[in-house]
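Just below is one structure, and these are the notes that go with it.
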Amino acid sequence: QCLYQFLAFVPPSNESLRKPGTASVMVDTQHPLTLLLNSSVGDRDLCKIQYHFGEFGNYSLVVKILSTSTQTVSCDLIVNEGPINSYLPILFAFLVYMGILAILIAGRLLMKIDPVRNWVYKKLNPRATDRMINSELGSPNTTDSLNCDPTPQSWSTGSRQRLHSLDTFRGLSLVIMVFVNYGGGKYWFFKHESWNDFCHLHFPSALFSRFVFIMGTSIALALGSMLRWGSSKWKVLRKILWRSSVLILLGIIVVNPNYCLGPLSWDNLRIPGVLQRLGFTYLVVAALELLFTRADSGTWEGQCPALQDILPYWPQWIFILVLETIWLCLTFLLPVPDCPRGYLGPGGIGDFGRYPNCTGGAAGYIDRLLLGEKHMYQHPSSGVTYQSTMPYDPEGILGTINSIVMAFLGLQAGKITLFYKDQPKQIMSRFIIWGIIMGIISAILTKCSKEEGFIPINKNLWSISYVTTMSCFAFILLLSIYYLVDVKKWWSGAPFLYPGMNSILVYIGHQVFANYFPFKWKMQDSQSHAEHLTQNLTATTLWVIISYILYRRRIFWKI
């Protein structure tokens, strides 16, 4: 539903020299395009062609006048030079990483042979038995602290065993997030969607939401652990306030500013951000859980024991429903100047250019009103495709309400692991049920369509359908990892386990050092997917290696 944009003017042909008029243009290859040819006389549509162009292809649109009397023309698209196969670098990278994985597996199998293992131990260190790469290590001993990084122990047993699946889930989301933030090889499907998503097919939109979800899961385990070990609620509340404040300040002062452009300036400092949203979401959900959590997470004595992880916490659900009602009312009922009520579009040339300054509807209006345009994100993803000129912040105020809902659903996953500890079948069955429920809600809200539903899936807006859809996939993904890592122990969680246990350090580090060698260097061909992919994968792999080294040295950055 975009307005046609002027692409080129084709001059008239030179009849005496029999030279046709030509114009050369460069077009986008991410989406199929519709080319509309207009006559400069009478402003009449001559022909319309829809085509999905390929990367670095060379094409000709040949226009011929068939009849001067009726002014009929023919338009033929000719492929002069075929597009390149831009996916070969991905295939090559996949084979390289699979080769490394095969070598590691072979090394692990060799380590099961006694002579080989004894020789390696002798060469390394007789006391380094528990420090072999890829061994089934227990988690480092950690003191109980209220944080999501690393996740506090989840069981109250004497072994203080840790759920590695949570760290693996967090680490997997973080590693992909780092890769996407570094550029994702400049592939369009590794970039954030311009506006609406559809059923999670655009996976970068899911990364931050998974991080929020697993943060909620960790809150349930952390609070229960601290209270069981004798910490008072006031002490826990002070830690909640401290951690939230530090996350928000790190986002505003460390991550948001680009100090390469000069010193910190309040005039154009972005206030919202990823860490700011995490910090505020953590504050609300952790405080809400602290009010109603119990040191003893044993079996509930009330009616319907099958709902023991829900019914005792009915005030929390009332609070979340009130929050969601506020989001719905503000989104669909708040009057926004020069915009229709309930507008959820990207503005710009979208919706046939009827609402150019309405990007984000009520969400964008509230941010501009309370924060000011200069303190918002200036280059939203909608600006490229929809040519919107209004600043819009995807981590704005209104969307934070639904990030709280997302974290609360993750909190529910944590409660399930607490109330049904040592009962993996009960845990997995409830993860499946919650995933199905969230999927059904998403199907109803979106009508299983990208644009035609009641509330579209939109990461920029953090719409409620986005939350339910991402929660559906988060429950299923957590179920899969939990089964592989903690139930069957077929997978240790490596290498994602390591960044998952130092997530704050990896996230802040990859942002701060993004423009420094060896994470970035000058490329020979800035249009090459291969070079971009090599650089981005190298940078991401380096952070995995760094987190592994820190893991080996028992170094964890906790807030």
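The values are calculated or read from the model by the stated rules, or taken from the named source; none is laboratory data. Computed from a prediction, not measured in an experiment: that's the story for all the values here. Cβ sites come from the backbone with ideal geometry, for glycine too, and all protein chains shown count toward neighbours. Surface accessibility is based on the protein's heavy atoms, side chains included, excluding ligands, DNA and RNA. Shrake-Rupley method; radii C 1.70, N 1.55, O 1.52, S 1.80 Å.
Some notes on this structure:
- Residue count for the stretch 528-559, restricted to those that are open to solvent by 60 Å² or more (accessible area, probe 1.4 Å) and within 25 Å of the chain's Cα centre (by Cα): 4
- Which listed residue is within 30 Å of SER231 (Cβ to Cβ) and modelled with pLDDT of 95 or more, from LEU290, LEU283, LEU307: LEU283
- Every condition in (1) open to solvent by 10 Å² or more (accessible area, probe 1.4 Å); (2) under 13 Å from the mean Cα position of the chain (by Cα); (3) over 30 Å from PRO424 (Cα atoms) is met by ARG210 except one, and the failing one is (3).
- Complete set of residues in the stretch 41-62 that are outside any strand (DSSP E or B) and within 14 Å of LEU7 (Cβ to Cβ): PHE53
- GLY21 open to solvent by less than 60 Å² (accessible area, probe 1.4 Å) and under 30 Å from THR538 (Cβ atoms): no
- Extreme residue, surrounded by the most Cβ atoms within 10 Å (Cβ to Cβ), among residues of the stretch 83-127 that are among the β-branched types (Val, Ile, Thr) and either in contact with a strand residue (DSSP E or B) (Cβ under 6 Å, 6 or more places away or on another chain) or part of a helix (DSSP H, G or I) (or both): ILE90
- PRO456 falls short on exactly one of the conditions (1) open to solvent by 20 Å² or more (accessible area, probe 1.4 Å); (2) at negative phi, and that condition is (1).
- Options GLY57, GLY82: the member that is within 30 Å of TRP195 (Cβ to Cβ), at pLDDT 90 or above, out of contact with any Cys (no Cβ under 6 Å at 6 or more places or on another chain) and among the small types (Gly, Ala, Ser): GLY57
- Breaking point among (1) within 22 Å of the chain's Cα centre (by Cα); (2) β-branched (Val, Ile, Thr); (3) within 30 Å of TYR343 (Cβ to Cβ), for ILE444: (1)
- The set of residues from the stretch 465-478 being open to solvent by 20 Å² or more (accessible area, probe 1.4 Å) and either closer than 17 Å to GLU324 by Cβ or in contact with a helix residue (DSSP H, G or I) (Cβ under 6 Å, 6 or more places away or on another chain) (or both) comprises CYS472, ILE476.
- Residue check for GLN5: under 41 Å from the mean Cα position of the chain (by Cα) and surrounded by 10 or more Cβ atoms within 10 Å (Cβ to Cβ): no
- The lone criterion from (1) open to solvent by 10 Å² or more (accessible area, probe 1.4 Å); (2) at pLDDT below 90 left unmet by SER225 is number (1).
- For the stretch 31-54, a residue qualifies if it is open to solvent by 70 Å² or more (accessible area, probe 1.4 Å) and of a type in the set (Val, Ile, Thr), and exactly one does: VAL41.
- Verdict on ASN515 being open to solvent by less than 10 Å² (accessible area, probe 1.4 Å) and farther than 30 Å from LYS425 by Cβ: no
- Enumeration of residues in the stretch 234-292 that are in a loop (DSSP other than H, G, I, E, B), in contact (Cβ under 8 Å) with a residue 24 or more places away in the chain and not small (Gly, Ala, Ser): LEU269, ARG270, ILE271, PRO272
- Only one of ILE559, ILE546 that is farther than 12 Å from TYR182 by Cβ and in the same structural domain as ILE240 (by the TED database): ILE546
- Checking TRP155 against (1) of a type in the set (Phe, Trp, Tyr); (2) at pLDDT below 75; (3) within 25 Å of SER86 (Cβ to Cβ), the condition it does not meet: (3)
- Among the helices (runs of 4 or more DSSP H) confined to the stretch 460-559, the ones with at least 1 residues that are under 30 Å from LYS447 (Cα atoms) are located at 464-482.
- In summary, TYR483 fulfils each of the numbered conditions (1) buried (at least 23 other Cβ atoms within 10 Å of the Cβ); (2) at pLDDT 95 or above; (3) hydroxyl-bearing (Ser, Thr, Tyr) with the single exception of condition (1).
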